[in-house]
Number of protein chains: 4
Amino acid sequence: MTLKVGVIGTGMIGRDHIRRLTKVVSGAEVVAVADADEVAAKEVAAGLANAKVHARGEDLIADADVDAVIVCSWGPTHEQYVVAAVAAGKPVFCEKPLATTTDACRRIMDAEVAHGRRRVQVGFMRRYDAPYRALKHAIDSGAVGAPLIYYSGHRNASVPDHYTKDMAIVDTAVHDFDVTRWLLGEELSAIRVLAAKPNSHGGALQDPLLMILETESGVLVNVETSVNIRYGYDIRGEVVGEDGTAALADTGQVVLRRANGVGVGVPEDWRERFIAAYDVEFQEWINEVVAGTGLTGPSSWDGYAAQVVCDAGVKALYSGDRIEIDLGAKPALYS
Amino acid sequence: MTLKVGVIGTGMIGRDHIRRLTKVVSGAEVVAVADADEVAAKEVAAGLANAKVHARGEDLIADADVDAVIVCSWGPTHEQYVVAAVAAGKPVFCEKPLATTTDACRRIMDAEVAHGRRRVQVGFMRRYDAPYRALKHAIDSGAVGAPLIYYSGHRNASVPDHYTKDMAIVDTAVHDFDVTRWLLGEELSAIRVLAAKPNSHGGALQDPLLMILETESGVLVNVETSVNIRYGYDIRGEVVGEDGTAALADTGQVVLRRANGVGVGVPEDWRERFIAAYDVEFQEWINEVVAGTGLTGPSSWDGYAAQVVCDAGVKALYSGDRIEIDLGAKPALYS
Amino acid sequence: MTLKVGVIGTGMIGRDHIRRLTKVVSGAEVVAVADADEVAAKEVAAGLANAKVHARGEDLIADADVDAVIVCSWGPTHEQYVVAAVAAGKPVFCEKPLATTTDACRRIMDAEVAHGRRRVQVGFMRRYDAPYRALKHAIDSGAVGAPLIYYSGHRNASVPDHYTKDMAIVDTAVHDFDVTRWLLGEELSAIRVLAAKPNSHGGALQDPLLMILETESGVLVNVETSVNIRYGYDIRGEVVGEDGTAALADTGQVVLRRANGVGVGVPEDWRERFIAAYDVEFQEWINEVVAGTGLTGPSSWDGYAAQVVCDAGVKALYSGDRIEIDLGAKPALYS
Amino acid sequence: MTLKVGVIGTGMIGRDHIRRLTKVVSGAEVVAVADADEVAAKEVAAGLANAKVHARGEDLIADADVDAVIVCSWGPTHEQYVVAAVAAGKPVFCEKPLATTTDACRRIMDAEVAHGRRRVQVGFMRRYDAPYRALKHAIDSGAVGAPLIYYSGHRNASVPDHYTKDMAIVDTAVHDFDVTRWLLGEELSAIRVLAAKPNSHGGALQDPLLMILETESGVLVNVETSVNIRYGYDIRGEVVGEDGTAALADTGQVVLRRANGVGVGVPEDWRERFIAAYDVEFQEWINEVVAGTGLTGPSSWDGYAAQVVCDAGVKALYSGDRIEIDLGAKPALYS
C-alpha cells in the first residue's frame, strides 16, 4: 500500500522532502501540494507524476485522496494546518517548530487529546540519526551506568547575518534540548545561560553560550553553542554515567595521514551531517502510518516541551538567573 | 515510473533483496518470482502485493510485465539466466559470482557484446559502501598523491565448518580483489599467496593468508584474510600514496570509556557492516535502469576479472609461485 | 656541578622524590633529611650514599652543606619551613599545598617579596606533563584562536573512605584550577559549584560536581570532578577557541582490536598518568637552580591563588551561589 | 656510585650522548673522550667538568679511570674498539651497526664468548621506546593471542641525496628487523623484497619497498619502507594474533579540531619520535652496569643477527628471490 501524501509549503525544505518521498524512501507518493505562492506550488507539482495543486492548505487537508499531511510552511501557520489535519483525523508531520508559542502548542495538544489519538509528529530529526541512536542504545543498555551529566556541543562554522541573540536558543540549542530529553528519557526542570568571552568572528553576538540545565532526576546538562567556530559543523555529545562515559564518535570515514597530521574530516554543515537522518525519519513515519499501529516519533508534547524550554532559556539569557521550567501535567495520550 | 522487477531465486539472499525492493528503496515493485523450489516461490509471492510465480527463470524473463531481472539463484545457474535476460534485452542484476568459471563469464560477455549494450550488473556491494566511497574519493581527489601500495584486510570472527582452503580466495578475498580494481582504477596482473603460521581456532585451515598482488602500473597490493580472528568482522583498507596515506576509519559510532579502556565497537558480521551498502546498490541500479542512461555499476567484465584473479589466486596458493594474471583484451563495451 | 639537596619529610612522597633525585634525574644529590619521625628519617638516610639526619627541619635548612630544600612534610608545617628557607636565601621546592590557609600563603609571599628574589616553587606537576605542555603550546601558538571556553575533566575510578565533600575541591579540582590559570595565562575571577545527581558508588558524597568558573577576560571554565567513575583515572581538557578546539589526546600507546571493540587503555591512577611529569618537574627545577637564572615554575603566588580559588569553591559548594574570587594585588616579584 | 664513562667518537651522535649522560640521566659521568679528530675531542672535553682527552680509542679503553665505554665512532672502527673493551673486561655500548660485516660481528661474539661474560650492548633504541614496550607487553600478556602476522611500517618524509638503494635495507629496515625479532622473541628465517611503483619524489630510488619475512615458527612479517612520503616520520606496527590485533597508537598528544578536520600530529623526524627512547636506553644501561647483575639490552648476537638479515635482504632486493636466513648456532652466552 502506497501512502498518499499532501505537502503544505513548497519552499526549500518542502521541495527537499518531496524529493525524499519520491526518490529515496519507499511506500509514499506525493499526490497534492499547496503553497501561499501558487506559482511555486504549480512548478513543484509539474515535476511530479500525479499531483494536484490546492489553493489553500485546508483544501489539501480536506482532499479525500490525501492520506497524510506534511507541513513545511512558515512557522506561524503551523498551528492552523496541524489542528485542521487532526480534526480531519489525518496523520500530520510538522517541521520544527510545532508552533511559535507555547499557547499554540497547547492548543494543538488539546485538539489531539480531544481527538483521542496521536496524529502529530514533529520533525526533530536527530532522533533518527544513527550515531545518536547508538548513543541512546549505549545509555539504555546500561553500558556506562545511570547518566549523571550530559555534555551537548553544537558548533557551526558560521551563521548568517540575520542570526540574532535569541536564535542561539530557539533555533540552535532547541535541538540539544529535544535530543537531551529523548536520550535521558526525562524532562528538563531548570536552565541557566552563561555567555562566554565573545568570539570576534560573531560581531556583536553573544557567542559562545554555555547553558546548564537540570533534569527532573538531577542530571546536569551542559549545552555549548559555538556558532562562529570556523572549523566545521560539529555535533558532540557525551553522557557521563556512574561507571563510564559514552560519546558520539567523529563521523569522518577516512583517516588521512598527510602534512604532519593524522585525522578525519568534520562535516561542513548540517545537511552533510544529518541528511541520512531525514531519510530514516520519513521512512519510519511512512511505515508507522501505513501499519496503523501508532506513532512513536516526536509528539506534540515533545514540540511543546521544546518550546517551553526555549522560553525559559531566553528568559535565563536576558536575566542571568536560573529559570525553572514548568511543563504542567502531561496528558495521558503522550505517556 | 515504477520499475517492475522479477526475482529468480527466493532463498535467503533473494528474500532479503525482495524486502529491500519493497520496503526500503524507492521506485521498484516486485511483480514476479521464480525458484527451483516452487513452494518457496509461492510463499514469497503470497507476501507481496501483486506478484506472479513462474515455474522457470526463463519464463519470468520472458514475461512482458517484467522490466528488469534480479538473479539470486544457485551460482551454477547464473549463466543461463543472465544470458537469457541479455537476449531479451532486459537489465539483469546478478548476485556474486557472475558465473562459476571464467569460460562462463566470457560467454556472458560475448552475449552482451553481441547485444551491443550493457545490461548486466554484478553484486559487488562494497562499491556502494559509504566508507569505501570516501576512500575512493580521497584517492581520486589526489589527497595522498598517486597510490603505490594498498593494504586490504579482511577479517572474520569465524567461518562455518564447510569453509574450505580455496574459499579464503574465491569467497573471501574476491571482495578485496574487486574493490582494489575499483579503488585503483586498474587491473591486477600477478598474485602470490603466502600462508602464515596457522590460527589454531581454524583447525586444519591455512589461515591467515597474505596475498601480494601487483597492478598493471606496479602498485603492490597486500591482501590479508584472517577468518578466525574472534574479535569481530573488520574490513580494513589503507592506500599508501606518494604524499601520505588514506585508510578506512573504524565504523563504531559511540566512543565508550569504561573498564580501563576507551574505544569504539567493531561489527559482528558482514550484515552489520554492509547492510546500508546493499540499499544504496539497489537504489542506484533502479535509478539508472529507469533513467535509461546506461549502467555504471560492476559489469560483466568486473565479474569476469574477479573470476580470473581468483583462479590465479588458487593456483598461487597450491603452487607457492607468483602467478601472472592474463585477462585478455577488454571489449570496448566495458571501457 | 651537583646540587646538594635536603629533604624535609620522609613519608611516601618524600621517599619517592628521594628515589627520583638519586636514580632518575641528573645533577642532584640528597645530602640531608629530616622528619618528625627520626627513626624513619634515619632509615631513609641509611639507604643513601652520604646523607645526614637532622632532628628538625630548621637545622637542615641551616646546614651549610644544603644548597636547596624540598618540603614534603605534613601540610600544616609547610609555612614554617618555606619561610625559613626563604630567610636563609635557599631555593625551596614545596609540595602541594603551599600552605593550608590563604593567610599562611600570604605570609610566605611577604617573606619572599621582602627577600627580594623568587626562592619558592610549588609542586603543581601537571605543568610538566607532556600532553598538557602540548596543549599549552597549541593554545599559545594560536592553533585554535583565542580561548573562549575550557573544559577540564578530572575523573577517578574511586576515592578512599576518608574522602570528604570539600576534598573534591581542595584536593581534586585544585589541580584543574592551577592548570587552567597556567594554560590560559590569566586569573580566575568567579566560581559556581553545582552538584549533579549523585553517583551511587560514592555513598553520601556529592559526586560528580560541575564547577563553572570565569576568568578575568571572560573565558568560561567548566570543571567536572567525577571521583567514583570506576573506569579509570582520566584527565581531560579541551580548549574551545575562536577557530577550533584543542584537547588532551588519550594516552594509551597500543590500539587493541579484540572482543568486538577497538581502542586504547585508560590509566588506573594518577601515578601511572603523571609519573613522568614529576621527573621533568625536578629535572627542570634542578637545572634552573644550578643555572641561577631564576625560577619559572609554579610560584608562591600560584600556590596562594590556588588556595583562594579553593576557598571560594568551598563557599560556592555550600551556598549554591556564584562566589567572586578576589586575589588582591599581585606583587611585582611574580609578574 | 657514579659510573665513569669514556666516549669514543665525538661527532654529532657522540655529543648528543655526552649531553644525555651529563644532563639528563642519572648515575654517570663522562671522564674521557677520544676522536680521530683530536681538535673536536678537545673541544668537547672543554665543555665537561672533568674529562681527559685520549689520542686513541685504545688508550681511552685502557684508562683505569674509565669504568665503561661508549663507541660512537665511524662504523668500520667499531669492531676494534668493541673487541678491545671486551678484552679489557669493560662494558661497552656500541652504536649501530655493531660492525659492518657479519664476519666482524662474529669476531666480536667470539671475543665475548672467550671472555665468558656479556660486555657488549648495541644501540637498538626502539626496544626502549614506551609505545613499542607497550606493544611487546600486549603481545607477551596474551592480549591478542599468539602472533601470526606482523606489519612494520617505516615512513620518512624524505631522505638525503646520498641515500642509496641498499640503505632502505641496511639503514632503514634494519630497525624493523631488530624490533621484530625482539617483539616476537624469535629469529627471522627468510626474506623477499618487492619494489612497488616508485614514488616520484624519490627520483631513481626504488621506493617504497615491501619486504616479506618469515620467522622460524612461521609468522609472516611485512615491512614497508616509504622514505619519501612527505607527510612525516611515521613508525607503525601491528601484530595480528589469533584473537585480535595490537598496534602502535599514534603519538600525537593534542587533538586539534580545525579547518574541517580533527586529528593529531605526526612527528617530523626520528629525533622527535625517539628522543625519549635514547634516554631510557642509557639510564637502564647505566643502572645494569652499576648493579653488575648482567646486561639485558640488545647483545652482540642481536647486532650480528640484524647484519645477517640485512645481507639476505640486499641479496633478495637484487635477485628478486626469496632468500633464506641462516644465523648458525647461537652461543650459549646469548640465550
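The values are calculated or read from the model by the stated rules, or taken from the named source; none is laboratory data. These figures come from a predicted structure and were not determined experimentally. Positions of Cβ are generated from backbone atoms using ideal geometry, with glycine treated the same way; all protein chains shown enter the neighbour counts. Heavy atoms of the whole protein, side chains included, go into the accessibility calculation; ligands, DNA and RNA do not. Shrake-Rupley method; radii C 1.70, N 1.55, O 1.52, S 1.80 Å.
Per-residue packing, averaged as other Cβ atoms within 10 Å, sorts the ranges A:291-298, C:176-183 into the order C:176-183, A:291-298, beginning with the highest. Within 10 Å of the Cβ of each residue in B:20-28, the mean number of Cβ atoms contributed by other protein chains is 4.
Considering only C:300, C:274, C:287, whose Cα is most displaced toward the positive end of the charge dipole of segment C:257-331, charges sitting on Cβ of Lys, Arg (+1) and Asp, Glu (-1)? Highest projection toward the positive end goes to C:274. In order along segment A:21-36, the Karplus-derived 3J(HN,Hα) couplings, from 6.51 cos²θ - 1.76 cosθ + 1.60 at θ = phi - 60°, round to 5, 8, 10, 10, 8, 10, x, 10, 9, 8, 10, 7, 9, 8, 7, 4 Hz, and Gly and Pro are given as x. Using r as the Cβ-Cβ distance of residue B:114 and residue B:141, and R0 as 51 Å, what FRET efficiency do you calculate, to the nearest 0.05? Taking R0 as 51 Å, the efficiency between residue B:114 and residue B:141 is 0.85.
The residues of segment C:204-229 occluded by other protein chains by 20 Å² or more of accessible area, set against the chain on its own, are C:208, C:210, C:212, C:217, C:218, C:220, C:222, C:224, C:229; surface from heavy atoms, 1.4 Å probe.
Loop-located chymotrypsin sites (Phe, Trp or Tyr not before Pro) across segment A:1-110 with a Cβ neighbour count of 14 or fewer within 10 Å are A:74, with loop assigned by DSSP.
With the simple model of a label 7 Å out from the Cα in the direction of the Cβ, residue C:55 to residue D:290 spans 3.3 nm. As a calculated quantity, the FRET efficiency between residue B:161 and residue B:326 at R0 = 35 Å, using C-beta atoms, amounts to about 0.50. The equivalent ellipsoid of segment D:175-224 has semi-axes of 26, 11, 6 Å, largest first, where each one is the square root of 5 times an eigenvalue of the Cα gyration tensor. The charge dipole of chain D, taken about its Cα centre with unit charges on the Cβ of Lys, Arg, Asp and Glu (plus for the first two, minus for the last two), comes to roughly 540 debye.
In this structure the amide hydrogen of residue B:261, modeled in the peptide plane, comes within under 5 Å of the amide hydrogens of C:266, none closer than 5 places in sequence on its chain. Quick one: with all protein chains in place, what share of the accessible area of chain A is carbon or sulfur, to the nearest percent (1.4 Å probe)? Summing carbon and sulfur atoms, their accessible area is 51 percent of the total for chain A. Our note on the geometry: Cα centres of segment A:185-201 and segment B:86-106, 60 Å apart. Contact residues in segment D:256-291 (at least 30 Å² less accessible area with all protein chains than alone, 1.4 Å probe): D:256, D:257, D:258, D:260, D:262, D:264, D:266.
Based on every Cα atom in the protein assembly as shown, Rg and the maximum pairwise Cα distance Dmax equal 35.6, 108 Å.
Heavy atoms only, 1.4 Å probe, whole protein assembly: order A:224, A:79 by accessible area, highest first.
The most accessible residue leads, giving A:79, A:224.
Our Cα-only numbers for segment B:196-293 put the radius of gyration and Dmax at 18.4, 56 Å. Distant-in-sequence amide contacts of residue B:7, defined by a placed amide H-H separation under 5 Å and a gap of 5 or more residues or a different chain, comprise B:32, B:33, B:34, B:70. Protein heavy-atom accessible surface, 1.4 Å probe, per residue over segment A:171-251: 23 Å².
Taken residue by residue and averaged, Cβ atoms of other chains lying within 10 Å of the Cβ of A:143-149 number 6.
The rotation axis bringing chain C onto chain B passes closest to the chain C residue reported with its distance as C:263, 1, by C-beta distance in whole Å. Once Rh for chain B is found with the Kirkwood sum over Cα pairs, what is the Stokes-Einstein diffusion coefficient at 10 °C and 1.306 mPa s, in µm²/s? Translational D for this selection: 76 µm²/s. If I take R0 = 30 Å and measure r between the Cβ atoms of residue A:280 and residue B:37 in this structure, what FRET efficiency does the formula 1/(1 + (r/R0)^6) give, to the nearest 0.05? E between residue A:280 and residue B:37, to the nearest 0.05, is 0.30.
Any idea what log10 I(q)/I(0) is at q = 0.09, 0.16 Å⁻¹ for segment C:44-144, Debye with uniform C-alpha scatterers and no solvent? The Cα Debye sum returns log10 ratios of -0.30, -0.77. Association of chains C and A removes close to 2900 square angstrom of accessible area from solvent, both sides included, for a probe radius of 1.4 Å. GNM on chain A, alpha-carbon springs under 10 angstrom: the most fluctuating residue among A:131, A:160, A:267 is A:160. Stokes-Einstein at 20 °C, 1.002 mPa s, Kirkwood radius from Cα pairs: D for segment A:72-128 in µm² s⁻¹? D = 191 µm²/s. Hey, what number do you get for chain C at 222 nm if only DSSP H runs of n ≥ 4 count, each worth -39500 (n - 2.57), divided across all residues, to the nearest 500? Mean residue ellipticity at 222 nm (helix-derived): -10500 deg cm²/dmol.
In µm²/s, what is D for segment A:155-255 at 37 °C and 0.692 mPa s, where D = kT/(6 pi eta Rh) by Stokes-Einstein and Rh is the Kirkwood radius from Cα pairs? The diffusion coefficient I find is 222 µm²/s. For segment A:136-148, the Karplus equation 6.51 cos²θ - 1.76 cosθ + 1.60, evaluated at θ = phi - 60°, returns couplings of 4, 4, 4, 5, 5, 7, x, 4, 10, x, 4, x, 10 Hz by residue, with Gly and Pro reported as x.
Is the shape of segment D:1-57 rounded, prolate or oblate, going by the alpha carbon gyration tensor and its root eigenvalues a ≥ b ≥ c, with a/c under 1.5 for rounded and a/b larger than b/c for prolate? Prolate. What base-10 log of the normalised intensity I(q)/I(0) is obtained for segment D:245-293 from the Debye formula, alpha carbons as equal point scatterers, at q = 0.16 Å⁻¹? Here log10 of I(q) over I(0) equals -0.68.
Averaging the Cα positions of each part gives two centres, and for segment C:1-56 and segment C:274-335 these lie 25 Å apart. In nanometres and ascending order, the distances from the residue B:292 label point to those of the other copies are 3.9, 9.5, 9.7 (point 7 Å from Cα along Cα→Cβ). Since only C:173, C:123, C:154 are under comparison, the one whose Cα sits farthest along the positive direction of the charge dipole of segment C:81-174, derived from C-beta charges on Lys, Arg, Asp and Glu, is C:123.
Each residue of segment C:284-299 was assigned a 3J(HN,Hα) from its phi angle through the Karplus curve 6.51 cos²θ - 1.76 cosθ + 1.60 (θ = phi - 60°); the sequence is 5, 5, 4, 4, 5, 5, 5, 5, x, 9, x, 8, 10, x, x, 9 Hz, with glycine and proline shown as x. Taking only the alpha carbons of segment A:245-335, we obtain Rg and Dmax values of 20.1, 58 Å in that order. Label-to-label distance, residue D:333 versus residue B:206, with points set 7 angstrom from Cα along the beta-carbon direction: 4.2 nm. For segment B:201-324, the relative contact order is 12 percent, taking Cα pairs closer than 8 Å that sit 6 or more residues apart in sequence and dividing their mean separation by the residue count. Among C:186, C:281, D:38, the sequence by solvent-accessible area, most first, with a 1.4 Å probe is D:38, C:186, C:281. Between identical copies, the spacing of residue B:276 label points, each set 7 Å from Cα toward the C-beta atom, reads 0.1, 3.6, 3.6 nm from nearest to farthest. Scaling the Cα radius of gyration of segment D:98-183 by the globular reference 2.2 N^0.38 Å produces a ratio of 1.36.
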